[in-house]
Structures are given as structure tokens and as C-alpha cells.
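What follows is a set of notes on a single structure, which appears directly below.
The values are calculated or read from the model by the stated rules, or taken from the named source; none is laboratory data. Note that this is a predicted model, so its numbers are computed, not measured. Using ideal geometry, Cβ is built from the backbone for each residue, glycine included, and neighbour counts are taken over all protein chains shown. Protein only, heavy atoms only, side chains kept; ligands, DNA and RNA dropped before computing areas. Shrake-Rupley method; radii C 1.70, N 1.55, O 1.52, S 1.80 Å.
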Amino acid sequence: FTVYQYDVPITKKEAEEKLKERFRENAHVTDVRVVDILIMKGQMELDEVMEHWMGNMHVMKFFKDTQPEKPSDFLSKFYQGVE
């Protein structure tokens, strides 16, 4: 639903994989207080997305590591037409 609402260039499958990845990042946490804080932060992010308080770019920040890196040297930038 969110992928279609925000009109972001990702598929439903990619969004599901990213959500799973975010859960797996904190799989090692065993302290109940830290788990509670992570749950509250996740709930806040979900609320922001569902209420459209986040823009498209805010949603895409979750997928930053899956985006190809921009060229850094002059010739690569020139060939790709990057300013």
C-alpha cells in the first residue's frame, strides 16, 4: 500500500525485503528496555509514513544503501552526464 501511495521507484518485494532487513538488524538485542525503545521508534516511523508526514525522499532514505553509488572521478561523471 505504501509503495503505491508514495509513488516510489521500488517494488513491493523490495519493500518487504527492506522491512525484514530492518528487523534482522536488531535480532541480537535481548535487553527488554532496548526492545521497548526500538518498538516505539518503529511505531513512530510507521505512523509518520501512514499519515503522510514523511515525503517521498524520507521514505527513500531507507533504501539508500541499495541505490548505486554516484561516480566520483571526473571522467565517470562526464560519461554519465552528472554535474
Within the stretch 29-61, take every residue that is at pLDDT 90 or above and closer than 22 Å to A15 by Cα and give me the one that is least open to solvent (accessible area, probe 1.4 Å).
L38
Mind listing whichever residues of the stretch 62-76 are surrounded by 10 or more Cβ atoms within 10 Å (Cβ to Cβ) and either modelled with pLDDT of 80 or more or not polar (S, T, N, Q) (or both)?
F62, F63, P71
Taking the stretch 6-15 as the search range and keeping residues that are in a helix (DSSP H, G or I) and loosely packed, with under 12 Cβ neighbours inside 10 Å, which one is modelled with the highest pLDDT?
K13
